[in-house]
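Participant: Dropping the structure in here first, questions after.
The values are calculated or read from the model by the stated rules, or taken from the named source; none is laboratory data. These numbers were taken from a predicted model, which means no experiment stands behind them. FYI the Cβ positions are ideal-geometry reconstructions off the backbone, even for glycines, and counts take in every protein chain you see.
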Amino acid sequence: MPPQQPPSRRLLIFQEARHPQTAEVVYLPVNKLGLPICGDGPDLPSILELPLRILKAFTEIFNQPKYKGWAIVSAGPYHDTSEEGKYYAVVLEQTTSGQTTSGQHTESMGSMF
């Protein structure tokens, strides 16, 4: 049996911003497709260390159909000295091949790369 390949991982960066019409805090993806990473990726804390408002926002974001088959491995503040504002880094790991049990391809992040 051939050695099993490590799961695919991607790094996404989100910027905290205010919605112009509602003044509600939103998290905008800076790199929508994510950056592929090899190995363990950056050393980020557990997602449980994030404030509850961010956990709620990420729950809504990552429960969308395009993220089906992907799970959050870690997440935390991302410090960019060249840009103003608050940023958050999220490492996602592919948990499925983007296939349903019937074998039909699903519209997921895995099919976007």
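Participant: Can you pull out every residue in the stretch 6-23 that is within 21 Å of the chain's Cα centre (by Cα) and without any contact (Cβ under 8 Å) to a residue 24 or more places away in the chain?
Facilitator: Scanning the stretch 6-23 gives Arg18, His19.
Participant: Listed residues Val73, Val30; which is surrounded by 11 or more Cβ atoms within 10 Å (Cβ to Cβ), in contact (Cβ under 8 Å) with a residue 60 or more places away in the chain and either on the phi > 0 side of the Ramachandran plot or of a type outside the set (Lys, Arg) (or both)? Outline the logic, then answer.
Facilitator: Numbers: Val30 fails: in contact (Cβ under 8 Å) with a residue 60 or more places away in the chain.
Val73 is the lone residue from the list that is surrounded by 11 or more Cβ atoms within 10 Å (Cβ to Cβ), in contact (Cβ under 8 Å) with a residue 60 or more places away in the chain and either on the phi > 0 side of the Ramachandran plot or of a type outside the set (Lys, Arg) (or both).
Participant: For Tyr87, all conditions in the list (1) of a type outside the set (D, E, K, R); (2) surrounded by 10 or more Cβ atoms within 10 Å (Cβ to Cβ); (3) part of a helix (DSSP H, G or I) hold save one; what is the number of the exception?
Facilitator: The one condition Tyr87 does not meet is (3).
Participant: Name the residues in the stretch 60-70 that are assigned to a loop (DSSP other than H, G, I, E, B) and either at negative phi or among the hydroxyl-bearing types (Ser, Thr, Tyr) (or both), would you? First the steps, then the outcome.
Facilitator: Our first condition is that a residue be assigned to a loop (DSSP other than H, G, I, E, B); within the stretch 60-70, this holds for 63-64, 68-69.
Passing the criteria: Asn63, Gln64, Lys68.
Participant: Would you check if Ala57 is modelled with pLDDT of 85 or more and either assigned to a loop (DSSP other than H, G, I, E, B) or out of contact with any Lys or Arg (no Cβ under 9 Å at 6 or more places or on another chain) (or both)?
Facilitator: Criteria met by Ala57.
Participant: Can you find even one residue in the stretch 39-49 that is at pLDDT 90 or above, surrounded by 11 or more Cβ atoms within 10 Å (Cβ to Cβ) and either aromatic (Phe, Trp, Tyr) or not in a helix (DSSP H, G or I) (or both)?
Facilitator: Checking the stretch 39-49: not a single residue is at pLDDT 90 or above, surrounded by 11 or more Cβ atoms within 10 Å (Cβ to Cβ) and either aromatic (Phe, Trp, Tyr) or not in a helix (DSSP H, G or I) (or both).
Participant: While we're on this one: So in the stretch 35-90, with the set limited to residues that are of a type in the set (Val, Ile, Thr) and more than 26 Å from Arg18 (Cβ to Cβ), which one is farthest from the chain's Cα centre (by Cα)? Walk me through how you get there before you give the answer.
Facilitator: First, the residues of the stretch 35-90 that are of a type in the set (Val, Ile, Thr): 37, 47, 54, 59, 61, 72-73, 81, 90.
This time we only want the ones that are more than 26 Å from Arg18 (Cβ to Cβ), so: 37, 73.
On the way: Ile37: 12, Val73: 9 Å.
My answer is Ile37.
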